[in-house]
Amino acid sequence: SSKSGGAWCGSYTEQRYENGERVAPVLSIVCNFTLPTKTAPSLLTLDETETFFHEFGHALHFMFHKVRYRGLTNVEGDFVELPSQIMENWAFEPEMLRQYATHYLTGEVIPDELVEKLRNSQYFNQGFGTTELLAASLTDLRLHDEHDYAPFDVNEYEKGVTASLGLIPQIEPRYRYTYFSHIFDGGYSAGYYFYTWAAVLDKDAFQAFKESGDLFNRKVAADFRSKVLERGGSEPGMTMYRNFRGADPDKTALLKARGLWQEPAAETPAAE
């Protein structure tokens, strides 16, 4: 009953070097999954499944980093969620679902029509969700961009900020200033955009696997491990990303994943 809510990856011991040899860390993934009942085992919801893949990504990052100095293990805040969020991309891919999504009584593999429904449901409400996240990120940045403080009415100030962003009344920021704990006691001051930026990175990085034609491509996976996961914070995040991807991140993959991408219209040849 005293267990904390949410889910996280935590460590018991960190990686270290003894006599020149690396000693692997010891860690755990802690979740709050649906409890079993008298007639059924613990069956994970879609959100819980995605959470498990997410936290396992953090675990891989922690297990694989190979840096000799503790101060070089941490990465920048807007890069820390890439290793976790990229794992979410596999969770509901048909190739992955066929490996683990089986009926708990009959062992039947998840049928294709249900996979299709599941994948289509991922587009639901993405316009609203993306807008409210970006609105919260922008109001966070605006607040931390103030240099000269004078007493002010928080609600009126926030109203002015949201109006300047062009938000419609039906879509407001996910959090209001009066309870936006991320930016005051959550370690995300001026950094709530981390979540969306990490989504740009993880969707673009996942394209490396899709472009290879094999979501389990060992060469691409080894590249991601050696050029991103093992490096810890020994190089700037974008340097590691470019070394892996060979280019700057492209937001197109994120827009397509959320159903917000519209292919540019083909140019009509000029009449002669």
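The values are calculated or read from the model by the stated rules, or taken from the named source; none is laboratory data. Please read these numbers as outputs of a predicted model, since none were measured by experiment. Don't worry about glycine lacking a Cβ; one is built from the backbone with ideal geometry, like all the others, and counts go over all protein chains shown.
Cβ-Cβ below 6 Å, separation at least six or inter-chain, first residue in the stretch 211-239 and acidic (Asp, Glu), second in a helix (DSSP H, G or I): which pairs?
Asp223/Phe244; Glu230/Phe64
Within the stretch 138-151, is even one residue among the charged types (D, E, K, R) and within 17 Å of the chain's Cα centre (by Cα)?
no
For (1) assigned by TED's automatic domain parsing to the domain that holds Gly237; (2) buried (at least 19 other Cβ atoms within 10 Å of the Cβ); (3) aliphatic (A, V, I, L, M), each residue gets a yes or a no:
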{"residue": "Gln170", "(1), (2), (3)": "no, no, no"}
{"residue": "Pro173", "(1), (2), (3)": "no, yes, no"}
{"residue": "Tyr192", "(1), (2), (3)": "no, yes, no"}
{"residue": "Ala208", "(1), (2), (3)": "yes, no, yes"}
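Which one of Ser121, Ser137 is surrounded by 20 or more Cβ atoms within 10 Å (Cβ to Cβ), out of contact with any Pro (no Cβ under 8 Å at 6 or more places or on another chain), small (Gly, Ala, Ser) and at pLDDT below 95?
Ser137
Quick check on Thr106: is it surrounded by 11 or more Cβ atoms within 10 Å (Cβ to Cβ) and either over 23 Å from the mean Cα position of the chain (by Cα) or not β-branched (Val, Ile, Thr) (or both)?
Answer is no for this residue.
Conditions (1) at pLDDT below 90; (2) among the hydroxyl-bearing types (Ser, Thr, Tyr), marked per residue:
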residue: Ser28; (1), (2): no, yes
residue: Tyr69; (1), (2): yes, yes
residue: Glu76; (1), (2): yes, no
residue: Pro83; (1), (2): no, no
residue: Trp90; (1), (2): no, no
residue: Ile110; (1), (2): no, no
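May I ask you to list pairs of residues, at least six apart or on different chains, whose Cβ atoms are under 9 Å apart, with the first in the stretch 135-156 being touching a residue at least 24 places away in the same chain (Cβ under 8 Å) and not assigned by TED's automatic domain parsing to the domain that holds Ile171 and the second being crowded, with 17+ Cβ neighbours inside 10 Å and not hydroxyl-bearing (Ser, Thr, Tyr)?
none
Considering every residue within the stretch 29-49, establish whether at least one is aromatic (Phe, Trp, Tyr) and either in contact (Cβ under 8 Å) with a residue 60 or more places away in the chain or surrounded by 15 or more Cβ atoms within 10 Å (Cβ to Cβ) (or both).
No - not one qualifying residue is present in the stretch 29-49.
Name the single residue that is modelled with the highest pLDDT among those in the stretch 163-194 being under 14 Å from Ala135 (Cβ atoms) and charged (D, E, K, R).
Checked the stretch 163-194; the qualifying residue modelled with the highest pLDDT is Arg176.
Could you please let me know if Ser164 is out of contact with any Cys (no Cβ under 8 Å at 6 or more places or on another chain), polar (S, T, N, Q), closer than 20 Å to Gly77 by Cβ and not assigned by TED's automatic domain parsing to the domain that holds Ala247?
For Ser164, the condition - out of contact with any Cys (no Cβ under 8 Å at 6 or more places or on another chain), polar (S, T, N, Q), closer than 20 Å to Gly77 by Cβ and not assigned by TED's automatic domain parsing to the domain that holds Ala247 - is not met.
Is it the case, given these coordinates, that Asp112 is assigned by TED's automatic domain parsing to the domain that holds Gly166, surrounded by 10 or more Cβ atoms within 10 Å (Cβ to Cβ), under 27 Å from the mean Cα position of the chain (by Cα) and of a type in the set (D, E, K, R)?
Taking the combined requirement at face value, the residue does not satisfy it.
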